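Asker: Here it is: the structure, laid out below.
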Amino acid sequence: SSEMKVVPPLNGNFERTLVNAVLSGEVGAASRFLEHVSTTLWSIVVRLAGDGADAEAAFLHIIASLKADDHARLRGFDGRSRLTTYLSLVARDVLADELAGQFSKTPREAWERFSRYFEADVRSRIAKQLPSKLGRAGREDAYQEVCLKLIEDDFRRIRSYGGRGSFTGYILTVVDRLLIDLVRRETPRRRIPAALSRSTQPETPSPS
């Protein structure tokens, strides 16, 4: 139809141009950017935080974070990846940092969000790192054990995050170290996957 609205192609050049316009303060660029990414950001929020009452607050928090310091978080976008991918990482870090702070205020509520937020990552790591002979039941047992370790001592491992590096990276390092212990029960030490051993090299303060 001749009345069909022409939508700019979703490619790296268009998205990089749009981000550059925002960073340079071009009139109307920020509004065009939000129009372009709002649907994507909402889907990211629903995936990470659920679609309950907290979703709108999380969405607005991410928007505010993107606007902060003259859109500083957008400066890392170079157009080599899709803007969707980049924003997913930004949103993940923004919500994770907020979640880290919640553990010092309302830890039980924070745990509900935490378990939803990190479940897919933990299960993925278990599937990759634990011996396949454990089967589905064994992997489920491993998931429950990792959760119990994260909960014990009033969430000690989680609350040990000191703010250096990303909270997401810190938690995944803690999970990898817990999985090392599980793997050692099932296989000789020399057979611990090299990738798992490398992944636990400390980039953040020790969670112990």
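Asker: Tell me yes or no: at least one residue of segment 87-106 is open to solvent by 40 Å² or more (accessible area, probe 1.4 Å), touching a residue at least 24 places away in the same chain (Cβ under 8 Å), touching a helix residue (DSSP H, G or I) at 6+ places or on another chain (Cβ under 8 Å) and more than 30 Å from Thr17 (Cβ to Cβ).
Answerer: yes
Asker: Next question. Taking the condition open to solvent by 70 Å² or more (accessible area, probe 1.4 Å), at pLDDT below 75 and either among the small types (Gly, Ala, Ser) or in contact with an Asp or Glu (Cβ under 8 Å, 6 or more places away or on another chain) (or both), does Ser208 pass?
Answerer: Details: open to solvent by 70 Å² or more (accessible area, probe 1.4 Å): yes; at pLDDT below 75: yes; either among the small types (Gly, Ala, Ser) or in contact with an Asp or Glu (Cβ under 8 Å, 6 or more places away or on another chain) (or both): yes.
The answer is yes for Ser208.
Asker: Within segment 94-116, is even one residue of a type in the set (A, V, I, L, M, F, W, C), part of a helix (DSSP H, G or I) and farther than 16 Å from Phe155 by Cα?
Answerer: yes
Asker: Restricting to segment 5-28, and then to whatever is under 26 Å from the mean Cα position of the chain (by Cα) and not in a helix (DSSP H, G or I), can you tell me which residue is modelled with the highest pLDDT?
Answerer: Looking at the filtered set, the residue picked out is Asn11.
Asker: Could you please find all residues in segment 157-167 being within 11 Å of Pro107 (Cβ to Cβ) and either open to solvent by 60 Å² or more (accessible area, probe 1.4 Å) or touching a strand residue (DSSP E or B) at 6+ places or on another chain (Cβ under 9 Å) (or both)?
Answerer: Of everything in segment 157-167, just one residue is within 11 Å of Pro107 (Cβ to Cβ) and either open to solvent by 60 Å² or more (accessible area, probe 1.4 Å) or touching a strand residue (DSSP E or B) at 6+ places or on another chain (Cβ under 9 Å) (or both), namely Arg159.
Asker: Go through segment 107-125 and report how many residues are closer than 14 Å to Ala49 by Cα and either open to solvent by less than 50 Å² (accessible area, probe 1.4 Å) or without any contact (Cβ under 8 Å) to a residue 60 or more places away in the chain (or both).
Answerer: Selection size over segment 107-125: 11.
Asker: Restricted to segment 126-149, and to residues that are free of Cβ contacts under 8 Å to residues at least 40 places away in the same chain and under 13 Å from Asp181 (Cβ atoms), which residue is nearest to the chain's Cα centre (by Cα)?
Answerer: Per the criteria, the residue is Val146.
Asker: Within the set of pairs 6+ apart or on separate chains, which have a first residue in segment 173-186 that is touching a residue at least 12 places away in the same chain (Cβ under 8 Å), a second that is among the small types (Gly, Ala, Ser) and part of a helix (DSSP H, G or I), and C-beta atoms under 6 Å apart?
Answerer: Correct list of pairs: Asp176/Ser199; Leu182/Ala142.
Asker: Continuing with this model, one more query. Return the only residue of Leu150, Leu178, Leu182 being at pLDDT below 90, buried (at least 17 other Cβ atoms within 10 Å of the Cβ) and among the aliphatic types (A, V, I, L, M).
Answerer: Leu182
Asker: Pairs please, first residue from segment 53-65 and open to solvent by less than 40 Å² (accessible area, probe 1.4 Å), second anywhere and in a helix (DSSP H, G or I) and basic (Lys, Arg), Cβ atoms under 9 Å, 6+ apart in sequence or on different chains.
Answerer: Every condition considered, the pairs that remain are Ser65/Arg73.
The values are calculated or read from the model by the stated rules, or taken from the named source; none is laboratory data. A quick note: this is a predicted structure, and the numbers were derived from the prediction, not measured. Methodologically, a virtual Cβ is constructed for each residue, glycine included, from the backbone with ideal geometry; neighbour enumeration extends over all protein chains shown. Accessible surface areas use protein heavy atoms only, side chains included; no ligands, DNA or RNA. Shrake-Rupley method; radii C 1.70, N 1.55, O 1.52, S 1.80 Å.
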